[in-house]
Amino acid sequence: VGITRDVGRLYGTLSGTVESWDFKDTTTVDGAELDQDIRDTVTTSAQLRFGYRFSPGYSFVGKIRGLHDENDGTPLKDRDAWGYEAMAGIAFETNPLLRWRILGGYGVRDYEDARLDNLKTTLLEADVQWLPTQRLTIYGTLARQILEATDIAASGVVQSSLKIRAEYEIYHNLVMTGGFEVRDDDFEGTSRQDDFYSFRAGLDYYFTKNWLFTFGYEHQVRDSTDDTLDMHRNRFMIGAKLRF
């Protein structure tokens, strides 16, 4: 939930978010049930995004975020944490066909359990949008962020990623999409590190001005320092969106 305000040169969005993650029980290879409630987490956050247009085509941009993780945990490990992030940078246009947004900053996760190492790291958000032809648009994203860990032994995840995505207008209501992603997940407090490689392709069909149908395919590879977590995954996706 948020509210956006634009008063000429100065603009901003104040928003709040609540996310609830409920992990279902799993079964081991020998048939035993594993209770996963210790991973259940509710994250509450508030965020302020703002910008100031100081000249045509150039804006100062910033983001401040505070959050609280409430994790069920165990008597031996409480994963509740407070988080703080601050970033600032610039958004500009090299020309009408090439747009940039670059932010850098710092993030902290302060865990209430003294047995978990607090997490402190630099943050990055860098986006570029290029329109080489009237039909083709290319997007690039370079990011470094803090995520909540899915591994109960880790205090958090520092994720670094590079994404390239392209959109090609085959017809006025049919758009072909494609892209790839390279990602590194570093699980703090453990020796685990996961490398992800993803390829995506799809079609967006604008049936009417209100209805959009999407069709997609993704192939993903996970190469982990823990060989038992290596993975190949194929996903086929069909979606619909109704816009007013």
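General remarks:
- Diffusion constant of segment 151-244 at 10 °C, which comes from Stokes-Einstein with the Kirkwood Cα-pair radius and 1.306 mPa s, µm²/s: 103 µm²/s
- Taking only the Cα atoms of segment 102-147, the radius of gyration and Dmax are 17.1, 56 Å.
- Mean projection area, nm², convex hull over Cα of the chain: 16.1 nm²
- Net charge in the neighbourhood of Q47 (other residues with Cβ under 12 Å of its Cβ; Lys, Arg +1, Asp, Glu -1) is +2.
- For segment 150-186, the residues whose amide N sits under 18 Å from a probe point set 7 Å from the Cα of D117 along the beta carbon direction are 150-160, 185-186.
- Vicinal HN-Hα couplings computed from phi for segment 108-124 (Karplus, 6.51 cos²θ - 1.76 cosθ + 1.60; Hz; Gly/Pro x): 9, 10, 9, 8, 6, 7, 5, 7, 9, 5, 5, 10, 9, 7, 6, 10, 8
- GNM top mover of T41, T141, T133 - the chain, alpha-carbon springs below 10 Å: T133
- Here the simple spin-label model places points 7 Å from the Cα toward Cβ, and for I102 and R5 these points are separated by 3.1 nm.
- Bridging of K163 to lysines at a Cα separation below 23 Å is possible for K63, once same-chain residues fewer than 8 apart are set aside.
- Normalising the average separation of contacting C-alpha pairs (under 8 angstrom, six or more residues apart) by the number of residues puts the relative contact order of segment 56-163 at 19 percent.
- Label-to-label distance, nm, for residues given as T228 and I38 (7 Å Cα→Cβ offset): 1.4 nm
- A dipole drawn for the chain from +1 and -1 charges on Cβ atoms has a positive end, and of G216, G189, A81 the residue lying farthest that way is G216.
- Every Cα-Cα pair in segment 112-183 was counted, and those over 13 Å apart are 74% of them.
- Distant-in-sequence amide H partners of D40 (H built 1.01 Å from N, under 5 Å): F23, D72, G73
- Derived value for segment 1-136: Kirkwood hydrodynamic radius 18.2 Å. Basis is the mean of 1/r over every pair of different alpha-carbon atoms.
Quick note: the coordinates plus some simple rules give every number you see, no bench work behind them. Here the structure is a predicted model, which is why all the values come from computation and not from measurement. Neighbour counts run over all protein chains shown; Cβ positions are idealised from the backbone, glycine included.
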